[in-house]
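Each remark here refers to the structure printed beneath this line.
The values are calculated or read from the model by the stated rules, or taken from the named source; none is laboratory data. On a predicted model such as this, the values are computed, not experimentally measured, just so you know. Note: ideal-geometry Cβ built from the backbone for every residue, glycine included; neighbour counts use all protein chains shown. When the accessible area is computed, the model is the full protein with side chains, heavy atoms only, and any ligands, DNA or RNA have been set aside. Shrake-Rupley method; radii C 1.70, N 1.55, O 1.52, S 1.80 Å.
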Amino acid sequence: MPLDPLYLTTAIEAVVKAGELQMAGFGKDIRIDKKGEIDLVTEIDIAVERYFRGLIAERFPGHAVLAEEMGGAMSPAGPCWIFDPIDGTTNYAHGVPIFCASLALEIDGVAEIGAVFDPSRGELFTAERGGGAFLNGRPLRVSSVGSLVDALLVTGFPYDVHTRIDEIVGLFASFIGRARAVRRLGSAAIDMCYVAAGRMDGFWEADLAPWDIAAGGLIVAEAGGAVTTLAGAPFSSRGRSVLASNGHLHQAMLDVVGQPPAWRRPQRTQ
Ligand code: IPD
Ligand code: CA
Ligand code: CA
C-alpha cells in the first residue's frame, strides 16, 4: 500500500520547525542541565520535543512517539515516530554549530521515512523506503572509495565513555591507523547523512539509541550504502551499535572491528 504523502510532509515540517526553535535559542543564555556526568539537556531539547509531540498528537492521534527526552514504548506495533529534538546537544550547548533534528517513521518496526535537518547549513536530508535519499531535493549517492587508506571516516563516543575508555579508544586507534583521517563531529544523525552524501566514507559507533540512528540508517541505505551493527548483523534502530559505509568499505571495516586494537597486537621481533 502506498504511504500517505502526509507522512513525509509532516516529517519535513517537523524537522524544519525544530531547526527554527534550535536557532532561536542557539548561542543564547539558555538553561542547561545534566542528565548524567557528561550528558546534557537544554531547555531547547525539551521545547522542541514538546512541539513535536503536540504536532503528532494533533495530526496522527493514533500514532506512537518515541523520543529522547520524554521516552515512549521502545517497540510499539503500528506507526511510531522516532525523534531526537537535538542530535548534537553537547555541541549546541557549547555554541558549536553542528547539530540537527532527526526523525523517522517506523511502521511495525520498519523505517518508512527519515528526515534530518541541520539548520546551521540549511541542509535537509530525506528518504522514503524504496524511493531514494535526497539532500534539499537532490538525489544522494554514497562515495565510491574502495580502500581504507583513501577513506575519511567518522565516529562518535557514548556518554559512558569514561567507563570503557580502552574499548572505545582501542577501536578509534585501529581505524585512525588505517584510514586517511577520522573525524568526530558530535551528531550521529549528521555523521550518517554525511556517509549518505559521500562526504564521509564510513561511520561507526558502539552504543546509540533509536532516535540517534533510525533516520540515518534509512538515509544511508537509500543512498546505496550498507548499514549493520558492529558485529555485522542487519541494521535495526534498536541494535545499539552501528557500522554505516559506502558498501565498498564495509567488509574491511568489519574486519577492523573484529581485530584487537593495535597496541594489543604482538610486536614483530627483528
Ligand atoms: C549524541 C550524538 C553524538 C554521539 C552520542 C549521542 P545527543 O546524541 O549523536 O554524536 O556520539 O552517542 O548520544 O545526546 O547529542 O542527542
Ligand atoms: Ca542523539
Ligand atoms: Ca538529543
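Of the strands (runs of 3 or more DSSP E) lying entirely inside the stretch 187-245, none contains at least 2 residues that are at pLDDT 95 or above and surrounded by fewer than 20 Cβ atoms within 10 Å (Cβ to Cβ).
Residues in the stretch 133-176 that are among the small types (G, A, S) and surrounded by 15 or more Cβ atoms within 10 Å (Cβ to Cβ): A133, S143, A151, G156, G170, A173, S174. Checking each residue in the stretch 24-47 for being within 16 Å of ligand 3 (Cβ to nearest atom), in a helix (DSSP H, G or I) and either touching a Gly at 6+ places or on another chain (Cβ under 9 Å) or open to solvent by 30 Å² or more (accessible area, probe 1.4 Å) (or both) picks out E43, I44, I46, A47. Residues in the stretch 185-204 that are more than 15 Å from ligand 2 (Cβ to nearest atom) and charged (D, E, K, R) were compared, and the one that is nearest to F117 (Cα to Cα) is R199.
Okay, residues lined up against (1) without any contact (Cβ under 8 Å) to a residue 60 or more places away in the chain; (2) among the polar types (S, T, N, Q); (3) within 26 Å of P85 (Cα to Cα):
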| residue | (1), (2), (3) |
| --- | --- |
| D150 | yes, no, no |
| R164 | yes, no, no |
| E167 | yes, no, no |
| S174 | no, yes, no |
| A181 | yes, no, no |
| G186 | no, no, yes |
| R199 | yes, no, yes |
| D212 | no, no, yes |
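Of the candidates F157, F134, the single residue that is of a type in the set (F, W, Y), out of contact with any Gly (no Cβ under 8 Å at 6 or more places or on another chain) and assigned to a loop (DSSP other than H, G, I, E, B) is F157.
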